[in-house]
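The block underneath contains the structure these notes are about, expressed in structure tokens.
The values are calculated or read from the model by the stated rules, or taken from the named source; none is laboratory data. Here the structure is a predicted model, which is why all the values come from computation and not from measurement. Neighbour counts are summed over all protein chains in view; Cβ atoms, including those assigned to glycine, are modelled from backbone coordinates with ideal geometry. Accessible surface areas use protein heavy atoms only, side chains included; no ligands, DNA or RNA. Shrake-Rupley method; radii C 1.70, N 1.55, O 1.52, S 1.80 Å.
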Amino acid sequence: MESDVNSESERIPAVSIKDKSMFGSESRFFTVAAFFLFAGVAVAQSQYPRDGYPAKGNQTRAVRGYANDAQPMQLVQADDSRSPSRQSAQTTDEKASSTSETKSRLTEDPVTARQSVDSYCSLEDGQPGDPGTFELQLEFGWLTTSGSHDPALWRGELQYNPDGTDFLRNMQLTLGVPLEMGLGGVQGNGDIELGWQQR
Amino acid sequence: MPTLATYAEVRLPTGYESSGLDGTLTGIVAKDIGPGTMYLNGFVTTANGNNVEDVRHFQWGFRTGYKWRLRDDFALIGDYFHQSSEEDSHANVNALELSSEWHVAEHLTIGPGILIGLDDNEETPNFGAGIRIMYSF
């Protein structure tokens, strides 16, 4: 009997420690909340007409957006800046004013095409991607430091560029997972990083 | 008129034996100068939890760099950063980064780079190398 009582009393502190740690229900709540945040924004923005930017391929954004647009026609026509004729004029003007640099990257606005940084460095460029698109970014790196382990680093990041109003088109949401490879147990490996960039 | 942007990031402790929340706020300024763009970043971080021993709870730093567009689909990027260490007892970190950006296709960009430490402090890497691959869809 004594051994049963002792083993029971030893188990109680272990359970309470687990409940206090952030590795339990709180972290799962954050993960689920983050998922629904991204999914909610993505679904909400899919209802907006995609205007103002050239589309992928030969089809313009305006044509593609209105062909799939679920909004009532009256609402669309009420806003002159979103009318198909205005859209065509804007798209033509943008194409005419774009530099040769942007011709190879028709899906981004000229400022983003010039100023975006997509290389292995720590600079933040402040530029969102093409509105209404996702970007998958993978990073592999290695560092050597005197007197400590040389880590092999991996980072996966999913970026979402909302579409719709000017505010949303200048926004970028990120979901990143950095990992340190090569060691069995690195504290913090698998943490999730949520980011919000606003231009 | 330069480009002004902010970037807010939160680390959630979902990983292995992780704890606490970290938050970072970065201010970004970008301005086209000559054949490229000049960048300036400044950031502050509040670090919590015990993932790093003797963690510095308030961290800060800045980065400045230049992107030199050599061709429509190719650019060189150089930047310098200075930031506080992650641990309280360590000195600040100074390093130089050199990288390139190649738009292989309309939706695919590849960017290899290297890092060179500019001091011998405990947390400053002597050298580093890596690659970033970006695909949009």
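See the values below:
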{"read-out": "Residue tally, condition modelled with pLDDT of 95 or more and part of a strand (DSSP E or B), over segment B:75-92", "value": "9"}
{"read-out": "Any chance B:ASP73 is closer than 23 Å to A:MET171 by Cα and of a type in the set (Asp, Glu)", "value": "no"}
{"read-out": "Of all residues making up segment B:89-108, the number that are within 7 Å of another protein chain (Cβ to nearest Cβ) and within 18 Å of the chain's Cα centre (by Cα)", "value": "4"}
{"read-out": "Count of segment A:121-135 residues which are surrounded by fewer than 19 Cβ atoms within 10 Å (Cβ to Cβ) and more than 16 Å from the chain's Cα centre (by Cα)", "value": "1"}
{"read-out": "Residue selected from segment A:121-170 under the condition more than 9 Å from every other protein chain (Cβ to nearest Cβ) and among the hydrophobic types (A, V, I, L, M, F, W, C), by the criterion farthest from A:GLY195 (Cα to Cα)", "value": "A:ALA152"}
{"read-out": "Hey, B:THR26 within 7 Å of chain A (Cβ to nearest Cβ), over 24 Å from B:ALA91 (Cα atoms) and polar (S, T, N, Q) or not", "value": "no"}
{"read-out": "In segment B:114-136, the residues that are open to solvent by less than 40 Å² (accessible area, probe 1.4 Å), within 12 Å of A:LEU143 (Cβ to Cβ) and either of a type outside the set (Gly, Ala, Ser) or within 7 Å of another protein chain (Cβ to nearest Cβ) (or both)", "value": "B:LEU115, B:THR124, B:PRO125, B:GLY128, B:ALA129, B:GLY130"}
{"read-out": "Yes/no for A:ASP118 being surrounded by 18 or more Cβ atoms within 10 Å (Cβ to Cβ), over 23 Å from B:ASP119 (Cα atoms), at the interface with chain B (Cβ under 7 Å from one of its Cβ atoms) and more than 13 Å from the chain's Cα centre (by Cα)", "value": "yes"}
{"read-out": "Residue within segment B:41-60 that is within 12 Å of another protein chain (Cβ to nearest Cβ), open to solvent by less than 40 Å² (accessible area, probe 1.4 Å) and farther than 20 Å from B:GLU123 by Cα present", "value": "yes"}
{"read-out": "Check on B:GLU86, at positive phi and either surrounded by fewer than 19 Cβ atoms within 10 Å (Cβ to Cβ) or facing chain A (nearest Cβ under 8 Å) (or both)", "value": "no"}
